[in-house]
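All remarks here apply to the structure that follows.
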Amino acid sequence: MILPGSPPPEGGQRSACATTTPDPAVPSVGRMEELLIETKGLTKRYGSGVVAVDSVDMTVRRGEVYGFLGPNGAGKTTTLRMLVGLIRPDSGWASVAGNEPGKPAGLARIGSLIEQASFYPYLSGRNNLKVVADYAGVAHERVDAVLDEVDLLDAANRRFSTYSTGMKQRLGVAAALMKKPELLILDEPTNGLDPQGMAEMRMLIRRLGQGEHTVLVSSHLLGEVEQICDRVGVISHGRLVRESTVRELRGSAALLVRARPSDVARQMLAEMFGPEAVGQVDGALRVSTDLEHSAELNARLAKAGVAVSELRPIQKSLEEVFFQLTGEEQGS
Amino acid sequence: MIGSIKAEWRKLAHRPANMIAVGGLLAVVVLIYSVGYIEYTWPVASQAARAALLKQGLYPGGLVKNLIDGVMPLGAAMTLVLGALATGGEYGWGTLKTVLTQGPGRIQTLVAKLVVAALGVALVTALFYSAGAIASMIVAGIDGHAIAWPATIDVAKALGATWLILYCFGLLGMALGFVFRQSAAAVGIGLVYLVVVETILSRFIIGFRGGDYRWIAKGLSGANATALVQSFGQIIVDPRAAAPLVGGTHAVVTLGAYAVALALVSATLLRWRDVH
């Protein structure tokens, strides 16, 4: 969606109201090839003045599994709906698969599952997918292939209304795969699934991400995102508060050192790694350094007569980072 | 576009509500002829002469006059409900988002719905008259009555008028489905409008200030549909009955305008509103 005064997503995709003046903020075509999704200042307000999505700038690169993380009501689904053209932003712009959101040319390259899988309850799984195939302009031969991919061939002739929640979600993924899309947008695909179903869905997403697909998956489940995603965007109260790799998000590696006498150990470590690298945590010392220094650190402390009772790597969990970023209370 | 039409047809053809409605319509035809046959063959003594006239309508020659009475408001109400279910259901089940994310544009999706609705109504119209024709042949056969069909042009006009009325009210139901983004309110308000509001409004307007505002009533959809039905004449002319409000041609033009306007309302709502 290109809005007045906003940079267009790609050359040749300008709307009538877009400026034609070159803008340094406009991504080059080469960069667009790398970014399957790019948004700038994407904003959606609702009638009562509620800002559901507030100036979101996000990028999803070709070939990655991108986790869109946020608590319930943070604006994940609204953002994804804007990306597939179901709702219009109030300001900002987005380029999805090189097109304005909702344009048929872009949608032809996208498979999506937004919120729960929605199909006609009176049609069988197979007939529902035939409907999807007809709309998408895909041959019916593809229907059984995607049913097989999500392990639903045996239930293909059953009415959708008789499917379990897990089967419904898998049918939703099958529909998303119908077009052999470059980009998959999956909104909370494990919602409502039992633990086994969640594990299966995670495996499926990981498998898809290892193939030719780029996957944008939203979730409020941190463990899920940590397991399957290369990069993460964290959204809170409509704002994208952080976008980085999972490793970057969790912070740099550090070592926890519990040693006596503590003040001698602290002085030695400060000399070795610099004073800013040494901190206090839970009655022990936290040293910001690579894990490969642990053996040398241990040997030097021992040689100096410092007794090391505990030496182990420490890293913030994604959960800790998430709660820091979103300001949510842990355990609430 | 062909793909979207195929998809819409698959949905229409498999939907139980549509099957039930068509079955119900055919049952109505059977009832009209079977109950009519019993009533007019063995009438109460005081009604014998009238019954003899009415029985003529059960023979093939009375096909058009006998059946077209069932179109308004019964058939119109049926297609209004089915139209509301067709579009309101897409919101209720959340399937509109499934459809729109597959790639067809919103207007293309609507055009496919309109085309399939037009074809569906044509099929229902053909089935309705075919069932009536078979029933009338059976009645004629039982009575040993000669089989003489109405003029082809009259049958063609009746088919066209029936299609137009059913399609117009089907489009009203579809537009209400888009307005309310659900089936229940669309069906309820649509039926109340068709059966109650139009009737009361029409009578009020016609009677108000000695009929000075009669021209308003001439623009109401129900009044035009009723007039179109009446333009085919009746088996027994009731001298006390009010004359049709408008002529057949006026009714066709007005209903056609309604159909276009309702399609435009649907297109505007689908094109510009967010889909949640």
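One table, with the values for the structure above:
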item: Under the Karplus curve 6.51 cos²θ - 1.76 cosθ + 1.60, θ = phi - 60°, whole-Hz ³J(HN,Hα) for segment B:265-272, x wherever Gly or Pro sits; result: 4, 4, 4, 5, 5, 6, 5, 9
item: Accessible surface buried once A binds B (1.4 Å probe; total of both sides; Å²); result: 2800
item: Minimum 20 Å² accessible area buried by the other protein chains, segment B:50-96 residues, probe 1.4 Å, relative to alone; result: B:W93, B:T95
item: Candidate lysines for bridging to B:K55, where Cα separation is under 16 Å - those fewer than 8 sequence places away on the same chain excluded; result: B:K65
item: Residue among B:Q56, B:L31, B:M1 farthest towards the positive dipole end of segment B:1-64, charges placed on Cβ; result: B:M1
item: Pairwise label distance in nanometres, A:S161 with B:L123, each label 7 Å out on the Cα-Cβ vector; result: 2.0
item: Of A:K130/A:K168; A:K168/B:K97; A:K103/B:K97; A:K76/B:K97; A:K168/B:K6, those spanning more than 19 Å from alpha-carbon to alpha-carbon; result: A:K168/B:K6
item: Whole-number accessible area per residue in Å² for segment A:173-332, which is evaluated in the context of all protein chains at 1.4 Å; result: 50
item: Modelled FRET efficiency - R0 25 Å, A:D148 with A:Q196, Cβ distances, 0.05 increments; result: 0.80
item: Carbon/sulfur fraction of accessible area - chain B, other protein chains in place, 1.4 Å, %; result: 71
item: Under-5 Å amide H pairs with A:A254, H placed in peptide plane, nonlocal only; result: A:T289, A:I314
item: For the protein assembly as shown, the spread of Cα positions along each principal axis, largest first, Å; result: 126, 54, 43
item: Heavy atoms of B:R271: accessible area, 1.4 Å probe, square angstrom to 10; result: 90
item: Net length gained if the chain between A:R207 and A:N72 were fully extended (0.36 nm per residue, minus Cα distance); result: 46.0 nm
item: Cα shape, segment B:128-272, gyration tensor, a/c 1.5 rule; result: oblate
item: Estimated vicinal HN-Hα couplings, Hz - segment A:171-178 in sequence order (Karplus 6.51, -1.76, 1.60; Gly, Pro = x); result: 5, x, 5, 4, 5, 5, 8, 3
item: With every protein chain in place, segment A:187-238: carbon and sulfur % of accessible area (1.4 Å); result: 49
item: Computed over chain B: relative contact order in percent, which uses C-alpha pairs under 8 Å that are six or more apart; result: 28
item: Longest exposed-site-free window of chain A, the sites being GluC sites (Glu not before Pro) in a DSSP loop that have at most 12 other C-beta atoms within 10 Å; result: A:1-211
item: 1.4 Å probe, heavy atoms, protein only - residues of segment A:120-135 losing at least 10 Å² accessible area vs chain alone; result: A:Y120, A:P121, A:Y122, A:L123, A:N127, A:K130, A:V131, A:V132, A:D134, A:Y135
item: Surface per residue (accessible, 1.4 Å probe) for chain B, Å²; result: 46
item: Extension gain, A:H237 back to A:A295 (0.36 nm per residue minus Cα-Cα distance, nm); result: 16.5 nm
item: Angle in degrees between helix B:198-207 and the longest Cα principal axis of chain B, rounded to the nearest 10; result: 70
item: Candidates per chymotrypsin sites (Phe, Trp or Tyr not before Pro) in segment B:145-243, loop by DSSP, up to 15 other Cβ within 10 Å; result: B:Y213
item: Within straight-line cross-link reach of B:K218, aspartates and glutamates at Cα separation under 19 Å, skipping those fewer than 8 residues along the same chain; result: B:E198
item: Unit charges on C-beta of K, R, D, E only; dipole of the protein assembly as shown, Debye; result: 1540
item: Cross-link partners of B:K113 among aspartates and glutamates (Cα-Cα below 17 Å; sequence separation of 8 or more within a chain); result: A:D134, B:E8, B:E90
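The values are calculated or read from the model by the stated rules, or taken from the named source; none is laboratory data. What you are looking at is a predicted structure, and each value in this text was computed from that prediction instead of being measured. Every residue, glycine as well, gets a Cβ built from its backbone with ideal geometry; the counts of neighbours run over all protein chains shown. What goes into the accessible areas is simple: the full protein's heavy atoms, side chains included, and nothing from ligands, DNA or RNA. Shrake-Rupley method; radii C 1.70, N 1.55, O 1.52, S 1.80 Å.
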